[in-house]
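Any read-out appearing in this document is the output of simple, stated calculations on the displayed coordinates, not a laboratory observation. This structure is a prediction, so every number in the text was calculated from the model and none was measured. We place every Cβ from the backbone using ideal geometry, glycine too, and count neighbours over all the protein chains shown.
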Amino acid sequence: MTPRKPLNLLEGPDIQRKFIKNFYITLCVILMIDLTAFFLFDRQGHFPWEEVPFFNAVYGFTACVSLIFIAKILRWIVKQKEGYYD
């Protein structure tokens, strides 16, 4: 008996196309819900910059990117020599 190859979630071009199509449809639906909520509800922030449109998205993206760069810098600081655990 030959061993079975494990099935990948996105194996095959048809499944990949369906996944990408459904992914973009989901993103569009979420965007429409967010824009509808943006125009229907009154936003009241604690600080003036919280009332700027899309402030939360820009702030979250900036925080994520800065965390990645901080992690890269910390890797250089904390990195051990090649034979440290031997």
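If I take the Cα coordinates of the chain and project them onto the principal axes, what are the three extents in Å, biggest first?
62, 45, 15
Can you pull out the trypsin sites (Lys or Arg not before Pro) in the chain whose DSSP state is coil and whose Cβ has at most 12 other Cβ atoms within 10 Å?
Taking the chain and a limit of 12 other Cβ atoms within 10 Å, the loop trypsin sites (Lys or Arg not before Pro) found are ARG4, ARG43, LYS79, LYS81.
Length gain on complete extension for the stretch PHE23 to THR62, per 0.36 nm per residue less the alpha carbon to alpha carbon distance?
Values: separation 39, 0.36 × 39 = 14.04 nm, distance 2.34 nm.
The PHE23-THR62 span can extend by a further 11.7 nm.
Per DSSP H run of n ≥ 4, the term is -39500 (n - 2.57); total these for the chain, divide by its residue number, and report the mean residue ellipticity at 222 nm rounded to 500 deg cm²/dmol.
One gets -21500 deg cm²/dmol as the mean residue ellipticity at 222 nm.
Checking the cross-link filter: which lysines have an alpha carbon closer than 27 Å to that of LYS18, excluding same-chain neighbours under 8 positions apart?
In chain and number order, the partners are LYS5.
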